[in-house]
1. What are the residue pairs meeting all of these: first residue in the stretch 91-106, first residue under 9 Å from residue 81 (Cβ atoms), second residue assigned to a helix (DSSP H, G or I), Cβ atoms under 7 Å, and 6 or more apart or on different chains?
2. Scanning for something in a strand (DSSP E or B) and within 21 Å of residue 205 (Cβ to Cβ), does the stretch 86-93 turn up at least one residue?
3. I'd like to verify a number: residues in the stretch 235-269 that are in a helix (DSSP H, G or I), in contact with a strand residue (DSSP E or B) (Cβ under 8 Å, 6 or more places away or on another chain), farther than 19 Å from residue 9 by Cβ and not aromatic (Phe, Trp, Tyr), how many?
4. Please go through (1) surrounded by 12 or more Cβ atoms within 10 Å (Cβ to Cβ); (2) of a type outside the set (A, V, I, L, M, F, W, C); (3) out of contact with any Gly (no Cβ under 6 Å at 6 or more places or on another chain) for residue 88 and return the number of the only condition it doesn't satisfy.
5. Filter the stretch 230-257 down to residues that are more than 13 Å from the ligand (Cβ to nearest atom), touching a residue at least 60 places away in the same chain (Cβ under 8 Å) and acidic (Asp, Glu), then give me how many there are.
6. Hey, can you tell me all the residues within the stretch 110-129 that are in a loop (DSSP other than H, G, I, E, B), within 16 Å of the ligand (Cβ to nearest atom) and open to solvent by less than 10 Å² (accessible area, probe 1.4 Å)?
7. How many residues are within 10 Å of the ligand (Cβ to nearest atom), open to solvent by 20 Å² or more (accessible area, probe 1.4 Å) and in contact with a strand residue (DSSP E or B) (Cβ under 8 Å, 6 or more places away or on another chain) if we restrict to the stretch 130-154?
8. Where in the stretch 3-60 are there strands (runs of 3 or more DSSP E), lying wholly inside it, with at least 2 residues that are of a type in the set (Gly, Ala, Ser)?
Amino acid sequence: MSLLVVGSVAFDAIETPFGKTDKIVGGAATYIGFSASYFHKPINLVAVVGGDFPEKDITLLKKHGVNTEGLQIKKDEKTFFWSGKYHNDMNSRDTLVTELNVLGDFDPIIPEAYQNTEYLMLGNLSPQVQRSVIERLKNRPKLIVMDTMNFWMEIALEELKKTIAMVDVLSINDEEARQLSGEYSLVKAAKKILAMGPKYLIVKKGEHGALLFNHEQVFFAPALPLEDVFDPTGAGDTFAGGFIGYIAQTRDISFANMKRAIIHGSAMASFCVEKFGTERLLNLTPDQIEDRVQDFVELVQFEIPLR
Ligand code: AMP
C-alpha cells in the first residue's frame with residue numbers, strides 16, 4: 001500500500017481582504033502531503049526546493065509521515081515562489097508573481113523505494129515533469145490523479161493534453177475546465193475533457209462545492225458554509241490530498257467510494273481556508289475530521305416522499 005505525491009514545495013506570499021503574509025511555506029505537494037497524512041502514511045514525496053528552504057519545515061513534513069527521500073535540495077538555487085491576491089469575494093484571485101526557480105529545470109528522480117506505488121497524486125507542476133514521473137514508474141499505479149492550473153494551459157497546452165491523456169482522474173477548477181474545453185456549460189466541458197482521456201473529472205467550484213463526472217454519472221458535493229474564510233490558498237490541493245489519502249486508506253477506486261473521497265477532500269479543504277497558509281492543517285485530530293464529515297452529511301441529507 002503506497003502513495004506517491006509529486007508537486008511544488010514553495011514559498012508563497014498571499015494577500016486577502018483579511019491580511020497579508022510575507023513568504024510562508026506553501027506549494028501544492030505541501031498542502032497535499034499534510035492533508036493526505038490524516039488518512040494514510042507514509043506519503044512518498046518527490047519535489048525540489050532550494051538551499052533557502054527551512055530545515056524545520058522539512059522536519060515538519062517528516063513529522064506528518066511524509067517521506068522526504070525524494071525531496072531534492074538544490075543548495076545554490078532558490079525555492080519556487082508564488083504570490084497571489086484575492087478579490088473581495090475570495091472566489092477569484094490574481095497571480096502576482098510566479099518565479100519557477102528550482103522548478104525551471106526540475107528532473108523528478110524516483111527513489112527505488114517509491115517504485116510499485118499503488119496511488120499517484122500529480123500535484124500542480126509542469127505537465128512535462130508530471131508525465132516523466134508516470135513514465136519512470138516501472139508499473140502503472142492503480143490510480144493516477146492529476147491537478148493542474150491555468151498557468152500551464154497558457155504556456156504548455158499541448159504538453160498538458162499529452163499528460164492529461166495518461167491519467168485516471170483530472171482535478172481542476174470551473175474556470176480552468178471552461179478554459180481547457182472552450183465550453184461554458186460544465187456538463188459540455190466535462191464531456192470534452194473526458195474525451196481527452198481521463199476516466200473521471202473533478203471540477204472544483206470554490207465555496208460552491210465540487211462536481212465529479214465520469215462518462216455516465218455525475219455527483220455533487222457542496223462546500224461547507226463557513227463563517228470565516230481567511231485564506232483559500234491551497235484549498236484545491238488540500239482537497240486533492242484528502243481525496244487521494246482517503247482512496248489510499250480505503251483501497252477502493254469505485255465511483256461510490258470516490259464520492260466519499262470527495263466529501264473527505266471537501267472537509268479537509270474547509271479546515272484549510274480557516275487560517276493563513278498550512279497552519280490549520282498542522283494539528284487536526286481524527287475526531288475533528290469526523291465531525292466535519294458529519295457536518296457535510298447533515299448539510300445535504302433530506303427526505304422527500306415520492307409518489
Ligand atoms: P491552490 O490554491 O490549491 O490552487 O494552490 C495554491 C498553491 O499552488 C500555492 O501554495 C502555490 O505555491 C502553488 N502554485 C501556484 N502556481 C503554481 C505553479 N505554476 N506550479 C506549481 N505550483 C504552483
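1. These pairs meet every condition: 98/151.
2. Yes, the stretch 86-93 contains a residue that is in a strand (DSSP E or B) and within 21 Å of residue 205 (Cβ to Cβ).
3. Final tally of qualifying residues: 8.
4. (1)
5. The qualifying residues number 0.
6. Those that are in a loop (DSSP other than H, G, I, E, B), within 16 Å of the ligand (Cβ to nearest atom) and open to solvent by less than 10 Å² (accessible area, probe 1.4 Å): 123, 125.
7. Residues flagged as within 10 Å of the ligand (Cβ to nearest atom), open to solvent by 20 Å² or more (accessible area, probe 1.4 Å) and in contact with a strand residue (DSSP E or B) (Cβ under 8 Å, 6 or more places away or on another chain) within the stretch 130-154 amount to 2.
8. 10-16, 43-50
The values are calculated or read from the model by the stated rules, or taken from the named source; none is laboratory data. Bear in mind that the values here come from a model prediction, so they are computed numbers and not experimental data. Note that we place each Cβ from the backbone using ideal geometry, even for glycine, and neighbour counts take in every protein chain shown. Just so you know, the surface numbers come from the protein's heavy atoms only, side chains and all, with ligands and any DNA or RNA stripped out. Shrake-Rupley method; radii C 1.70, N 1.55, O 1.52, S 1.80 Å.
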